[in-house]
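The values are calculated or read from the model by the stated rules, or taken from the named source; none is laboratory data. Keep in mind the model is a prediction, meaning the values are calculated, not measured. Note that we place each Cβ from the backbone using ideal geometry, even for glycine, and neighbour counts take in every protein chain shown. Note: areas computed on protein heavy atoms with side chains; ligands, DNA, RNA excluded. Shrake-Rupley method; radii C 1.70, N 1.55, O 1.52, S 1.80 Å.
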Amino acid sequence: ERAMANVDDVDEVLRGERGAGAGKRIGFFLLALAPVAVPVLVYARVLGMDLSKSVVALAGGSLATAVALSLAYYNIAFCQEVKLEADAAPPTKGSFGKKKSEYEAAVKAHGGRIKTAALMYSVFYNNLIYLFGAVLLAAYVVNNKVSLELSFLVSNGVAVAFALFNSVTAVKQLHA
């Protein structure tokens, strides 16, 4: 059985009207900075890019990549949360008897575990797609065909575009 999300929720996510709050967006962005640093290190240490001469390409490309990757994090986390909520049974009132506060705490903890699992899955999944693509493109596809700066921008751009496209497709599949 396929997990279904509320159609209005999916439409809001696709239009960009429903999203994480400012704090969560900043958190996603900060999470995205770590994997974005890996291609910078590959270009600087392995491919010999001069960081002082390439600071604009590295900074601009890295910031744009982190923004796109953070959007992919949100989309996949949303999808995974919908799937987990559909599969996981929340605590039942009957198992707590008249202890309403304990029941509410258990329901809240259940929701928190779902959100945490969805976020961890999303970060792992998107980082895997992005890093595999960026390093593969950098090492084998665009290496020695264009300047290192352009190679960095193209490999990161294509890899993060694929991760973002994949995440948007996942959200759309919740709708179908």
Sequence order, the stretch 162-169: Karplus ³J(HN,Hα) from phi using 6.51 cos²θ - 1.76 cosθ + 1.60, θ = phi - 60°, Hz rounded, Gly and Pro as x, gives 5, 4, 5, 4, 4, 5, 5, 4
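If R₀ is 30 angstrom, what is the calculated FRET efficiency for the pair S95 and Q173, using the beta carbon separation as r and rounding to 0.05?
FRET efficiency, S95 to Q173: 0.30.
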Heavy-atom accessible area of K24, protein chains in place, probe 1.4 angstrom, given in Å² to nearest 10, is 100
For the chain, the longest principal axis of the Cα atoms and the Cα long axis of helix 100-136 enclose an angle in degrees, to the nearest 10, of 20
Per-residue accessible area, 1.4 Å probe, largest first, puts R113, R25 in the order R113, R25
With 0.36 nm assigned to each residue of separation and the Cα-Cα distance removed, E85 to L51 gains 7.7 nm
Carbon and sulfur atoms account, in whole percent of the 1.4 Å probe accessible area of the chain, for 65
For K24, the lysines lying under 19 Å Cα to Cα, once residues fewer than eight places off in the same chain are dropped, come out as K108, K115
Which residues qualify? For M49, with a placed amide H closer than 5 Å and at least 5 residues away or on another chain, they are A44
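What longest region of the chain stays clear of GluC sites (Glu not before Pro) that DSSP places outside H, G, I, E and B and that have at most 11 other Cβ atoms within 10 Å? Numbers along the way, then the final one.
Values: sites that count: E1, E17.
The segment 18-176 is the longest one with no such site.
Keeping every protein chain present and rolling a 1.4 Å probe, give me the accessible area per residue for the stretch 32-91 in Å². Let's see the in-between values first.
Working: 2840 Å² over 60 residues.
For the stretch 32-91, the per-residue accessible area is 47 Å².
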